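Please read the structure below before turning to the comments.
The values are calculated or read from the model by the stated rules, or taken from the named source; none is laboratory data. Everything numeric here is computed off the predicted structure, so don't read it as measured data. Methodologically, a virtual Cβ is constructed for each residue, glycine included, from the backbone with ideal geometry; neighbour enumeration extends over all protein chains shown. We work out accessible area using only protein heavy atoms, side chains counted, and drop any ligands, DNA or RNA first. Shrake-Rupley method; radii C 1.70, N 1.55, O 1.52, S 1.80 Å.
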Amino acid sequence: MRTVYLDHNATTPLDPEVYKVMEPFIVENFYNPSSVYSRSRKVREKVEEARAKVASLLNASPEEIIFTSGGTEANNQAIIGGAKANAGKGRHIITSAAEHHAVLDTCLRMEKEGFEVTVLPVDEYGRVLPETLEKAIRTETVLVSIMYANNEVGTINDIKTLAEIAHKNGSLFHTDAVQAAGKIKVDVKDLGVDMLSVSAHKLYGPKGIGCLYVKKGTKIESLLTGGGQENKMRAGTENVPAIIGFGRAAELTIERGTELENHIKDLEKILREGIKERIPDIIFTGHPEERIPGCVSVCFKYIEGESMLLLLDQRGIMASSGSACSSKSLKASHVLLAMGISHEIAHGSLRLSLGKDNRMEDVEYLLEVLPPIVEKLRLISPLYQGGR
Ligand SMILES: *Cc1c(COP(=O)(O)O)cnc(C)c1O
């Protein structure tokens, strides 16, 4: 059967070019980069080369990159480590209602550690408006964590302005840039952030590796204790093959420039127009312009997103409804609800996220398969009157 992968916001396929550079470090060059012999030192060199490549993707210095086990750990490290190390300023944290659970739940967990957490509302597009941050921020605000691009609806926040507001108040600013890196330009200097999270498997690298950018001079507490790896910021023997793969994935992202962005934008345009033309009673969610390329989030009235996913899967199409993490529970997406969309409509959400290997035929196939699925589900829906 034909398969079409349209779930790149959940994870991306490993680029064969990335795998090629990882392979020799899985079996042959297994050495611990911290050992003293020359073969280990060679491995250390490769790890540092990878760090420089990742730094270069973000316009950071290599010393400002801490490798982590992924985006989740980077977010935990930034929030827990940043808030604790600077708690002298105060014990108030600000985040937003549309964050990934790796940020939202970590902030809320800090309440048990005696921190107060303000969860900012978002607008109908999923954006944090600068004035809401201005109103919520206080002298005791130690940390503000607001995502760069949303994983469910693709909306991009004005990080530069939000970070300025935080800094005027003397608060640290962290952004989860997991969905931005690899899709749009991520420049830590231009954004003016103190901390920024990236995950390799969202940019055609391996799973289980990511990084936290920590601006030089920023105080943070490390989560793990043990060895002195990662500048004493992340104890534990490095995941060498993954780090090397992450470096290559970062390098390929730089090499591709805006070529990939343009390819995906072309496909996205046809996908959006095709859905709009063929299917009535739908609502596209997310910001119409301020969004990452390739993310088409749409709610189909009168039906359940989950049933749509199962029928799409029967035809070889892989997509998502809400976030991957919440798709096991039949809860409506917290992001869509935060945007003011009703439970009923939010239940009919579908997220199609395009990637570098998608071709026009994939979009055409989806446009052929989806409309009859929606029609079929609506006909058996007690909520739908249109067909009778
Ligand atoms: C995928 C994702 C994460 C989690 O990254 P992992 O590397 O899978 O832990 C965090 N934030 C956002 C916005 C994501 O899309």
Within a Gaussian network of the chain (alpha carbon springs, distance under 10 Å), most fluctuating of 199, 342, 320: 342
Residue with peak Gaussian network fluctuation, the chain [Cα springs, cutoff 10 Å], from 200, 319, 87: 87
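How large is the dipole of the chain about the Cα centre if only Lys and Arg carry +1 and Asp and Glu carry -1, each at its Cβ, rounded to the nearest 20 debye?
680 debye
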For residue 174, solvent-accessible area (1.4 Å; no DNA, RNA or ligand), Å²: 0 Å²
Fraction of accessible area attributable to carbon and sulfur, the chain (%, probe 1.4 Å): 52 percent
Cross-link pairs beyond the 21 Å C-alpha cut-off, checked among 269/376; 189/215; 265/356; 160/215; 53/183; 20/46: 269/376
Backbone HN-Hα couplings from phi across region 371-385 [Karplus 6.51/-1.76/1.60, Hz, Gly and Pro as x]: x, x, 5, 4, 4, 4, 5, 5, 5, 9, 7, x, 7, 9, 10
Accessible area expressed per residue, region 229-362, with surrounding protein chains retained (probe 1.4 Å, Å²): 44 Å²
Average accessible surface area per residue within region 63-221, 1.4 Å rolling probe, Å²: 33 Å²
1.4 Å probe accessible area per residue over region 1-43, in Å²: 63 Å²
Per-residue ³J(HN,Hα) for region 174-180, Karplus 6.51 cos²θ - 1.76 cosθ + 1.60, θ = phi - 60°, Hz, x for Gly and Pro: 10, 10, 8, 9, 4, 7, 8
Accessible surface of residue 187 - all protein chains present, 1.4 Å probe, nearest 10 Å²: 30 Å²
Fluctuation leader among 371, 13, 33 - the chain, Gaussian network, Cα springs under 10 angstrom: 371
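Taking only C-alpha pairs under 8 Å that are 6+ residues apart, what is the relative contact order of region 1-152 in percent? Intermediate values should be presented prior to the final figure.
Values: 148 pairs, mean separation 29.1, N = 152.
Once divided by the residue count of region 1-152, the mean separation gives 19 percent.
In Å, the Kirkwood hydrodynamic radius of the chain over pairs of distinct alpha carbons?
Working: mean 1/r = 0.0460 Å⁻¹.
About 21.7 Å, per the Kirkwood formula over Cα pairs.
Can you give the relative contact order of region 16-256 as a percent, counting alpha carbon pairs under 8 Å and 6+ residues apart? All intermediate terms of the calculation are to be shown ahead of the outcome.
Numbers: 489 pairs, mean separation 66.1, N = 241.
It rounds to 27 percent for region 16-256.
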C-alpha center-to-center spacing [region 105-143, region 358-379] in angstrom: 39 Å
Charge dipole of the chain about the Cα centre (unit charges at C-beta), most positive-ward option of 12, 85, 309: 85
